[in-house]
Amino acid sequence: MATAYQHLSDYDPNTVPEASGMRFVIVVSEWNRPITSQLEEGAYNTLLKFGVKEEDITRVYVPGSFELVYAAKRVAESIRPNAVIGLGCVIRGETPHFEYVCSGVTQGFALLNAEGDIPYIFGLLTNDTMQQSVDRAGGILGNKGDEAAITAIKMAKVACFFK
């Protein structure tokens, strides 16, 4: 597992660009809310840490992870942020539903990035157990929300080169 080698909240702050004046959207799944609320908090606080103002962060809530793609696209078209962060948590169950949801969201975010003019950050936890999700939502392996926010800032800076 990748996070066995890299703590999700470890980054060199000197490599993160200043983000003041930028606008971000955080789209959060309400499914597995105890996990996604921690991801949201991590992303939000990390954006603030690097100079984004509270009023420049929009939060949108959707019922489940599959809905992240639709909301990310629509909110980006509406308010034109520098980047959109999608946060969700899918935990493997006894049916193939896990694979369908994870595949759909992954492909959806890939398509948004390929066709869009802003970065769409994939912050979906896809774990086998609730404990694995807890460990990646502010637990012993860090917070995927922190990682997603750092990625959003860096990619928003990259996108500025192409405007």
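The values are calculated or read from the model by the stated rules, or taken from the named source; none is laboratory data. None of the values given here were measured: they were computed from a predicted structure. Don't worry about glycine lacking a Cβ; one is built from the backbone with ideal geometry, like all the others, and counts go over all protein chains shown. We work out accessible area using only protein heavy atoms, side chains counted, and drop any ligands, DNA or RNA first. Shrake-Rupley method; radii C 1.70, N 1.55, O 1.52, S 1.80 Å.
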Whichever residue in the range 1-30 is open to solvent by 20 Å² or more (accessible area, probe 1.4 Å) and aliphatic (A, V, I, L, M) and, among such residues, is modelled with the lowest pLDDT: 1
Which numbered condition in (1) under 20 Å from residue 66 (Cα atoms); (2) surrounded by fewer than 18 Cβ atoms within 10 Å (Cβ to Cβ); (3) in contact (Cβ under 8 Å) with a residue 40 or more places away in the chain; (4) not hydroxyl-bearing (Ser, Thr, Tyr) is the only one that residue 112 fails? (2)
Hey, residue 138 open to solvent by less than 20 Å² (accessible area, probe 1.4 Å) and not in a loop (DSSP other than H, G, I, E, B) or not: no
Does the range 2-33 hold any residues that are in contact (Cβ under 8 Å) with a residue 40 or more places away in the chain, assigned to a loop (DSSP other than H, G, I, E, B) and not aromatic (Phe, Trp, Tyr), and which are they? 7, 8, 9, 10, 16, 17, 19, 22, 23, 32
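Please specify each residue of the range 115-131 satisfying the condition of being open to solvent by 50 Å² or more (accessible area, probe 1.4 Å), more than 13 Å from the chain's Cα centre (by Cα) and either among the hydrophobic types (A, V, I, L, M, F, W, C) or farther than 16 Å from residue 24 by Cα (or both).
Residues satisfying the conditions are 115, 128, 129, 130, 131.
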With part of a helix (DSSP H, G or I), open to solvent by 20 Å² or more (accessible area, probe 1.4 Å) and in contact with a helix residue (DSSP H, G or I) (Cβ under 6 Å, 6 or more places away or on another chain) as the only criterion, which of 69, 105, 60 stands out? 69
Would a scan of the range 34-48 turn up a residue that is open to solvent by less than 40 Å² (accessible area, probe 1.4 Å), of a type outside the set (Asp, Glu) and in a loop (DSSP other than H, G, I, E, B)? no
Residues that are out of contact with any helix residue (DSSP H, G or I) (no Cβ under 6 Å at 6 or more places or on another chain), touching a residue at least 40 places away in the same chain (Cβ under 8 Å) and open to solvent by less than 40 Å² (accessible area, probe 1.4 Å): does the range 81-100 have at least one? yes
So, residue 76, is that one assigned to a helix (DSSP H, G or I), over 17 Å from residue 36 (Cα atoms), open to solvent by less than 10 Å² (accessible area, probe 1.4 Å) and touching a residue at least 12 places away in the same chain (Cβ under 8 Å) or not? yes
